[in-house]
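Everything below concerns the one structure shown next.
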Amino acid sequence: MLSMTVTCPTPDATFELGARLGAALKGGDVVFLKGPLGAGKTIFTKGILSALGFDTAEVTSPSFTLVNRYDADLTVYHIDLWRIEDPEGASFSVGLEEILEDEDAVVVIEWAERLGKYDLGTEPIGVEISGDGDSPREIRISGDIMFDGA
């Protein structure tokens, strides 16, 4: 079980760490992204998608649509639960059960703590980002994955 903390001094470093994680992901993986507004969750997600062969200029935060689907080397469902306040309804609002049935897809969930105690049926890869503004980011990654985070 991996547990590591990396300091990313710039948004580019956050993107690159996301790309290194993305290169290690496989179908069925679920990534929980946690951190305050402006921490870099979407930049990290862009890094993941870059590693999976997707044009990151097309990647936006799904804050208002709730779910973006990207057809990259693997299908990626990018979910943003920021606007969801009810943990009971969070999974229903985004169709999470149906999304998780796609075993060939990667699921990236921003504001994952809003799911409450929802049972994914799998252990997610946790990514916790602290810091905002121009400060460096401390990014803690944990879960059952092997990758070079250095």
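Return the residues of the range 18-71 that are assigned to a helix (DSSP H, G or I) and among the acidic types (Asp, Glu); say none if nothing qualifies. Correct list: GLU58 only. Whether any residue in the range 80-100 is more than 19 Å from LEU21 (Cβ to Cβ), at pLDDT 90 or above and exposed (fewer than 13 other Cβ atoms within 10 Å of the Cβ) is what I want to check. Within the range 80-100, not a single residue is more than 19 Å from LEU21 (Cβ to Cβ), at pLDDT 90 or above and exposed (fewer than 13 other Cβ atoms within 10 Å of the Cβ). Taken over the range 103-140, the residue count meeting the criterion of being assigned to a strand (DSSP E or B), closer than 11 Å to ILE79 by Cβ and of a type in the set (D, E, K, R) is 1. Taking (1) surrounded by fewer than 18 Cβ atoms within 10 Å (Cβ to Cβ); (2) in contact (Cβ under 8 Å) with a residue 40 or more places away in the chain; (3) at positive phi in turn, GLY40 satisfies each apart from (1). So is VAL67 surrounded by 13 or more Cβ atoms within 10 Å (Cβ to Cβ), touching a helix residue (DSSP H, G or I) at 6+ places or on another chain (Cβ under 9 Å) and modelled with pLDDT of 95 or more or not? No, not satisfied. The single condition among (1) at pLDDT 90 or above; (2) within 14 Å of the chain's Cα centre (by Cα); (3) closer than 26 Å to THR5 by Cα that THR75 does not meet is (3).
The values are calculated or read from the model by the stated rules, or taken from the named source; none is laboratory data. Keep in mind the model is a prediction, meaning the values are calculated, not measured. With ideal geometry, Cβ positions are generated from the backbone for all residues, glycine too; neighbour counts draw on all protein chains shown.
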